[in-house]
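The values are calculated or read from the model by the stated rules, or taken from the named source; none is laboratory data. Note that this is a predicted model, so its numbers are computed, not measured. Glycine gets a Cβ as well: all are built from the backbone with ideal geometry, and neighbour counts include every protein chain shown.
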Amino acid sequence: MKILWTFILVISITVSGLYGEALSETEVSQSNETPSIKDILNEANQSFTYKGKTIHPGCVEQFNVNLADSGPPIVKAIDVESCVSSNEFFMDYQVSKDGYIGYEYEDSGEKQYFGYKIIGKAKGGIHILDTRASGGGTMVAMTIFLTRFGLENYRSFDDQEKLYIEKRLIMKCIGQIQRGDRDIGSIELINNNLVLGKSQYRKKVEVISLD
């Protein structure tokens, strides 16, 4: 009887070990799965994230227009992966109580701040971002950026000068709306219309169609 129980115990341990090993291999293979570029694009469109991580506010800040200018931004397209992995934006970001994803940094000895808040997504994959920027004074410049994700081919060459083409996730700025300094008006997306509430700059509600 002892021999029988010993045999059963050995078999059980062996099976458990094999099952555990198989499970571990499955978990490893799942964790090593690389999302396709289409999956990455879908994620960005659904949640405004990249590979499960929040897009750093420094990436959105690239669209910001210098106070001395008033026209469209000089930079209108960002390679998302290059931006989020850049040493330029190693600084941590924080989410404020009113929902702005922002970060602080120093520029020319002065503390700067930039943050964005996701208002919603309109038809055609247009993401509406309300942003605020400050530094070097009391002004808090507020701007709405209209952005859209897409894929672009990036061409590079290896050591043997062989052409390599890679699809990359690109975030584009396709429009902006200047709100002014500390605009207190509300922002809503209703039926594909951007609705700007009354403020010190608007005597009545303003409706902007995004069709």
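Some observations on this one:
- Meets criteria (modelled with pLDDT of 95 or more, on the phi < 0 side of the Ramachandran plot and hydroxyl-bearing (Ser, Thr, Tyr)) for Thr49: yes
- Test: residue in region 164-171 that is in contact with a helix residue (DSSP H, G or I) (Cβ under 7 Å, 6 or more places away or on another chain), among the basic types (Lys, Arg) and in a strand (DSSP E or B): yes
- Qualifying residue in region 43-58 (condition: out of contact with any helix residue (DSSP H, G or I) (no Cβ under 9 Å at 6 or more places or on another chain) and exposed (fewer than 12 other Cβ atoms within 10 Å of the Cβ)): yes
- From the list Gly185, Gly180, the lone residue that is part of a loop (DSSP other than H, G, I, E, B) and surrounded by 12 or more Cβ atoms within 10 Å (Cβ to Cβ) is Gly185.
- Verdict on Thr147 being touching a Cys at 6+ places or on another chain (Cβ under 9 Å) and either among the basic types (Lys, Arg) or surrounded by 13 or more Cβ atoms within 10 Å (Cβ to Cβ) (or both): yes
- Failed criterion for Lys162 (all others in (1) in contact (Cβ under 8 Å) with a residue 12 or more places away in the chain; (2) at negative phi hold): (1)
- Residue list for region 69-103, restricted to those being without any contact (Cβ under 8 Å) to a residue 40 or more places away in the chain and within 18 Å of Arg182 (Cα to Cα): Ser96, Lys97, Asp98, Gly99, Tyr100
- Yes/no for Asp98 being in a loop (DSSP other than H, G, I, E, B), more than 29 Å from Ile190 (Cβ to Cβ) and of a type in the set (Asp, Glu): no
- Taking every residue in region 135-147 that is part of a strand (DSSP E or B) and pairing it with any residue that is buried (at least 19 other Cβ atoms within 10 Å of the Cβ) and of a type in the set (Phe, Trp, Tyr), at least 6 positions away or on another chain, the pairs with Cβ-Cβ distances below 7 Å are Phe145/Phe63.
- Each residue in region 38-89 was checked for being among the basic types (Lys, Arg) and assigned to a helix (DSSP H, G or I), and 1 pass.
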